[in-house]
Each structure stands twice: as C-alpha cells, then as structure tokens.
Amino acid sequence: MAARRKRKKRSVAKLILLGLIIWLGYTFGRGFVEHHRLRQEIAKLTNEIQALELRNAQIREEIERHRSEEYIERVAREKLGLVKPGETRFIISESLEE
C-alpha cells in the first residue's frame, strides 16, 4: 500500500507540474503574441508617420513656391491675362478660312 500511495503522490505531482507548465506556456505565449502584434503596429504607424512627414514637407515647399513673386506673376499673366504697365497684350486668333 505504501508503494501505491507513493505512485499516487507522484502522479498528482506530475499533473500539478504539467498544469503549471501549460499555464506558464499559455500566459507567456499570449504575452509574446501580443508583444509581436504591438511591434508590428508600431512599425506600421512609424512608416505612416514618415510618409506623412514627407508629404507635409512637400506641401510646405509647394506653399512657399505659391507665395513667391514669380509664381504669382506667372499665374496673373497666364490665368488672368494681366500685363505690366507699359506692356501691350497681343491676342492671336486663328483665321477661320474655309
């Protein structure tokens, strides 16, 4: 009977140890998966931030170009047909020959 009790105690101890190993594996495994997911999310957001910063810089350059006197003059001449004082504006039209 003593041998039977000893075997039973060993079986219980093995079951407890197995349960502990499973619990630890589940806990750390879940944490590892969450950690991996968060690292991927951080990498994705970092890439998005870099792309937005680049686009922001491009927009700022475009704004500066649009504020320049050369750009404003070009738009005034091309789109609005304005001329400087003393200049003569010529409008060339195509003849309607048949």
Exposed (fewer than 10 other Cβ atoms within 10 Å of the Cβ) and either without any contact (Cβ under 8 Å) to a residue 12 or more places away in the chain or over 26 Å from the mean Cα position of the chain (by Cα) (or both) - does that describe any residue in the stretch 10-30? no
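Given the structure, is residue 62 loosely packed, with under 10 Cβ neighbours inside 10 Å and in a helix (DSSP H, G or I)?
On the way: loosely packed, with under 10 Cβ neighbours inside 10 Å: no; in a helix (DSSP H, G or I): yes.
No.
No value in this document is a laboratory result; all are computed from the given coordinates. Values in this document were obtained by computation on a predicted structure and should not be read as measured data. A quick note on method: Cβ atoms are made from the backbone with ideal geometry, for glycine too, and the neighbour counts reach across all protein chains shown.
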